[in-house]
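What follows is calculated from the coordinates using simple rules that are stated; it is not laboratory data. None of the values given here were measured: they were computed from a predicted structure. Please note: Cβ atoms are built from the backbone with ideal geometry, for glycine as well, and neighbour counts cover all protein chains shown.
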């Protein structure tokens, strides 16, 4: 007989030491995304986040643990993503564009995963069948040190002499929002409005879980939450867009919570960790860009945004 409890898992999250990087790509730059050829683009790359789970499966020597699965589950539960365009002259109007509300985004809660869908995804997850649950594709655990995977123990794996099977599973994520244009045509004012301010924030719950073989219950053993936040203001200098010095309310940071046993006690998602009907976070991005909410005015508007 073998088992795994929260006390048998050491989970350590951390972030890279790299600072957030903001890149303003002006019109004419060959690095511009094709769709931003006329507007230019602004992009931000936050520090990478990591988590390492050191796992000790305990049991009777010779106990069968073949096809046990171990990995990370991640849900996104906060998504703020909007931009405000205006020029110094109120007569040029203003534009508000949002990707974080209907019809751009139908719901905030989503499952974050890089596993593929369709037939390719089904083969990728074999011998586990069914919808995507974990963050990474399934890969056999053949060593004590494992890269970023959802790992499963090969068929026939036994608890060794000594009663312990020890290995690691790594998690990482690289948060970076879709680029924003440096300007936006205001069809009501018949002007081109320059980027004035934007806000982006994401919050995630990241959980280490395991399963004693296909068809068995998935159990969350440990978890933590983390977020990224960016609020900034912009102007133009010498006909180029620039980020202005921070003003009250502007922020750029990344925060990681402490680790807890089990699922985070948050009513927004604690009962939906295994909900296979949740949309995949990355699959929401193209739709949110295509169907972004646009509001235009012939004068300066607050758009219910605190400046």
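Summary table
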| quantity | calculated |
| --- | --- |
| Ranked by how many other beta carbons lie within 10 Å on average, peptides 18-29, 149-160 from highest | 149-160, 18-29 |
| Relative pair counts by distance (%), Cα atoms of the range 212-303, 10 Å bins | 10, 21, 32, 20, 11, 4, 0 |
| On Cα atoms only, tilt of 281-290 relative to the major axis of the chain in degrees | 20 |
| Stretchable slack from residue 185 to residue 293, in nm (0.36 nm times residue separation minus alpha-carbon distance) | 37.5 nm |
| Label-point separation, residue 176 to residue 10 (7 Å along Cα→Cβ), nm | 3.3 |
| Spacing of the two label points (7 Å from each Cα toward its C-beta) at residue 166 and residue 45, in nm | 3.6 |
| Three principal axis lengths of the range 36-128 [C-alpha, angstrom, descending] | 78, 31, 26 |
| Overall dimensions of the range 144-190 by Cα: Rg and Dmax, Å | 24.7, 77 |
| Mean Cβ neighbour count within 10 Å, used as a protection proxy, ranking 69-75, 203-209 highest first | 69-75, 203-209 |
| Approximate spin-label separation residue 26-residue 236, in nm, with each point projected 7 Å along Cα-to-Cβ | 1.2 |
